[in-house]
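Visitor: The structure is given below, and queries will be raised subsequently.
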Amino acid sequence: MNGRTAIVLFTRDLRVHDHPALATAAAAFDRVVPLYVLDPALADLSANRTRFLHQCLADLRASLRRLGGDLVLRHGDPVAETIRLAGEVGAEAVGLSADVSRYARRRERRLGVECERHRLHLRLFPGLTVVEPGALRPAGGGDHYRVFSPYHRAWLGLARRAELAVPHRITLPTGVPVGRLPALPAGESPDAAPGGESVGRRRLGDWLPTLDRYDDLHDDLAADGTSRLSPYLRFGCVSPLAVANRAGGPTGPFVRQLCWRDFFYQATAAFPDMAHRAYRRGAIEAWRDQPEALAAWTEGRTGMPIVDAGMRQLRAEGWMHNRARLITASYLTKQLGLDWRAGLAVFHRWLLDGDIANNAGNWQWVAGTGSDTKPYRRFNPVRQAERYDPHGVYVRRWLPELAAVPDRAVHHPAPPPD
């Protein structure tokens, strides 16, 4: 077989636009094998995300075919399947987007060992964040920033990598079995957004004309003025760098949210137990064990209208407005006194955008065990509702049984049953 061949192992980077590993391989090698391995260790974590993932894979395959290539699908351990495929196609190199979770880092280490053993060159690429975890270090020492504000200042001053174009062509080795797309499974949320780079880029294009109103609307629960790009960022359907480049100046309020995302990624890279242990040094945890209260919160029947509305949106859409996430998480941890890890698990089941870094980082921030410099902060749900849903539109949208309750009265807790 003449020419050089490389494998690009896709994980949470399901796109062809601004994909450093794919672009580099296409430029440096004669043949490129795009590979996705359906890993049983990651199956069944969320029916919503599984459905979204399978839609992403179908869209990615279609994009690669338009470039002359294809998406090779395998089932099993991603390290073993990558090495096996490399032997089948005579590959000499493997490219992979670097990730930060404990599982992803372990996968990278295992892949590195096996690539060395089989004399394959492994290269890790950026692409999951705007600024790579580890690229910024505090001037006073330490391996990462533990507080957002100084990180944000350093983040704004760092030169970014160049955004990369789609490869002109992807050429597969001849005779490679590409595998069949898995049957599209059912999700749990009936109104969940569909997955895929095509949908994500269209969503970005449709939303950008409203960007100048983002600062006014992003906390308005009824207006639903946020980008809703988070699931597409989570699966890498859109490049966070490309989104930042299109979202106005670097100091804009939306780009600041992308910086928060990067902040939690760099924190998780340095503290891989983010989903299991308190991030803040010296945090005191004394949580109550009340399964009935947790079930009522999960199912949106606490009697606190704004909390119940948020939890019902989560179950219906596999997504929740960010302001509602803050309110519901604060209610669980600060009002009910329940463990943030229990709330994290509920969110991780339903959220299309659920990932370790952002889901756990934000939960810890709200619970007072994370990066918040005011760990005893709490969100009063009634005051929050009156401020960010003043006419009760959001609450009535998700609690139609309250349709007849007038204006702000809709935000007051329901009386306990007789």
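The values are calculated or read from the model by the stated rules, or taken from the named source; none is laboratory data. Everything numeric here is computed off the predicted structure, so don't read it as measured data. When we count neighbours, we look across all protein chains shown, and the Cβ atoms used for this are built from the backbone with ideal geometry, even at glycine.
Visitor: Regarding the stretch 9-21, can at least one residue be identified that is among the aromatic types (Phe, Trp, Tyr) and crowded, with 18+ Cβ neighbours inside 10 Å?
Guide: Yes.
Visitor: Please enumerate the residues belonging to the stretch 153-181 that are touching a residue at least 60 places away in the same chain (Cβ under 8 Å), in contact with a Leu (Cβ under 8 Å, 6 or more places away or on another chain) and not in a loop (DSSP other than H, G, I, E, B).
Guide: If the condition is that a residue be touching a residue at least 60 places away in the same chain (Cβ under 8 Å), in contact with a Leu (Cβ under 8 Å, 6 or more places away or on another chain) and not in a loop (DSSP other than H, G, I, E, B), then Trp155 is the only one that fits.
Visitor: In the stretch 278-328, how many are within 20 Å of the chain's Cα centre (by Cα) and free of Cβ contacts under 8 Å to residues at least 24 places away in the same chain?
Guide: Looking only at that region, the number is 1.
Visitor: Among Thr82, Thr129, which is more than 27 Å from Arg160 (Cα to Cα) and either among the hydrophobic types (A, V, I, L, M, F, W, C) or surrounded by 14 or more Cβ atoms within 10 Å (Cβ to Cβ) (or both)?
Guide: None of the others qualify; the one that does is Thr82.
Visitor: Restricting to the stretch 82-119, and then to whatever is closer than 23 Å to Ile356 by Cβ and either in the same structural domain as His144 (by TED's automatic domain parsing) or charged (D, E, K, R) (or both), can you tell me which residue is nearest to the chain's Cα centre (by Cα)?
Guide: Asp99
Visitor: Within the stretch 279-328, how many residues turn out to be of a type in the set (Gly, Ala, Ser) and surrounded by fewer than 20 Cβ atoms within 10 Å (Cβ to Cβ)?
Guide: Within the stretch 279-328, residues that are of a type in the set (Gly, Ala, Ser) and surrounded by fewer than 20 Cβ atoms within 10 Å (Cβ to Cβ) number 8.
Visitor: Same structure again: Hey, does the stretch 279-300 have a residue that's outside any loop (DSSP other than H, G, I, E, B), modelled with pLDDT of 95 or more, in contact with an Asp or Glu (Cβ under 9 Å, 6 or more places away or on another chain) and farther than 28 Å from Ala414 by Cβ?
Guide: Looking for residues that are outside any loop (DSSP other than H, G, I, E, B), modelled with pLDDT of 95 or more, in contact with an Asp or Glu (Cβ under 9 Å, 6 or more places away or on another chain) and farther than 28 Å from Ala414 by Cβ, one finds none in the stretch 279-300, hence no.
Visitor: Right, here's the next one. Just one of (1) in contact (Cβ under 8 Å) with a residue 60 or more places away in the chain; (2) crowded, with 21+ Cβ neighbours inside 10 Å trips up His54, so point out which.
Guide: Every listed condition holds for His54 apart from (2).
Visitor: How do the helices (runs of 4 or more DSSP H) wholly within the stretch 1-89 filter down when requiring 3 or more residues that are touching a Pro at 6+ places or on another chain (Cβ under 8 Å) and of a type in the set (Gly, Ala, Ser): which remain?
Guide: Fully inside the stretch 1-89 and qualifying: 20-28.
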